[in-house]
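The values are calculated or read from the model by the stated rules, or taken from the named source; none is laboratory data. None of these values were measured; they are calculated from a predicted model. Cβ placement follows ideal geometry from the backbone for every residue including glycine, while neighbour counts extend to all protein chains displayed. Heavy atoms of the whole protein, side chains included, go into the accessibility calculation; ligands, DNA and RNA do not. Shrake-Rupley method; radii C 1.70, N 1.55, O 1.52, S 1.80 Å.
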Amino acid sequence: MVLRGLEVLIKISNTASNDVCLYVSDLLIFLCGVGQNRQYILQSDILSAVFIFCKASEPDLQYGGALLLLNIATFSVDSALKISDNDGIEILSNLVLNNDRQDFASCCSESIRELWRGKSMKSTTLYSSKLCSRW
């Protein structure tokens, strides 16, 4: 049931106006804040909606997208890598460069830090497993 509702919100964000997408981003931010929803969020195609928000012309919608990327990046190393693999760092960097709001820059910077942390943790894990296999 939760996954189906999440899919509806994601589908709406593909075609809706910026005003509707602002409501959708608020709902998704709320859903990301509930720990029980993490498994459903990770199974969904939420990143497609989030990247639409980040690329919108509305600054508040971009901010919502950046907040969602931060939330999702903190779920797991794999979720951070998935964002990075889909040009998340570049998208967030562009948002920082094209916006003057301090809260926006802080959110994007924190998101980028989380994405890099995920990449470094994955590298460390791979290195450790290779090192252990030699023993």
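Determine if segment 119-128 includes at least one residue that is farther than 23 Å from Leu42 by Cβ and modelled with pLDDT under 85. Looking through segment 119-128, at least one residue is farther than 23 Å from Leu42 by Cβ and modelled with pLDDT under 85. Residue pairs whose Cβ atoms lie under 6 Å apart, sitting 6 or more positions apart in sequence or on different chains, and linking a residue in segment 102-113 that is more than 17 Å from Phe53 (Cα to Cα) to a partner that is modelled with pLDDT under 90 and part of a helix (DSSP H, G or I), do not occur here. Each residue in segment 89-101 was checked for being in contact with a helix residue (DSSP H, G or I) (Cβ under 6 Å, 6 or more places away or on another chain) and free of Cβ contacts under 8 Å to residues at least 40 places away in the same chain, and 3 of them qualify.
Residue by residue, here is whether (1) open to solvent by 70 Å² or more (accessible area, probe 1.4 Å); (2) free of Cβ contacts under 8 Å to residues at least 12 places away in the same chain holds:
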position: Gln39; (1), (2): yes, yes
position: Gln43; (1), (2): yes, no
position: Leu47; (1), (2): no, no
position: Val50; (1), (2): no, no
position: Leu61; (1), (2): no, no
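Scanning segment 72-115 for residues that are of a type outside the set (S, T, N, Q), open to solvent by 40 Å² or more (accessible area, probe 1.4 Å) and out of contact with any Lys or Arg (no Cβ under 9 Å at 6 or more places or on another chain) yields Lys82, Asp85, Asp87, Glu90, Val96, Leu97, Asp100, Arg101, Asp103, Glu110, Arg113.
Of the residues screened, Leu22 is one that is touching a residue at least 40 places away in the same chain (Cβ under 8 Å), open to solvent by 10 Å² or more (accessible area, probe 1.4 Å) and aliphatic (A, V, I, L, M). Go through segment 1-19 and give me each residue that's β-branched (Val, Ile, Thr) and surrounded by 14 or more Cβ atoms within 10 Å (Cβ to Cβ). Within segment 1-19, Val2, Ile10, Ile12 qualify.
Consider Asn86 carefully, then state whether it is farther than 18 Å from Leu9 by Cβ and touching a helix residue (DSSP H, G or I) at 6+ places or on another chain (Cβ under 9 Å). It would help to see each step written out before you state the result.
Values: farther than 18 Å from Leu9 by Cβ: yes; touching a helix residue (DSSP H, G or I) at 6+ places or on another chain (Cβ under 9 Å): yes.
Judged against the criteria, Asn86 is a match.
Residues that are part of a loop (DSSP other than H, G, I, E, B) and at positive phi do occur in segment 79-87.
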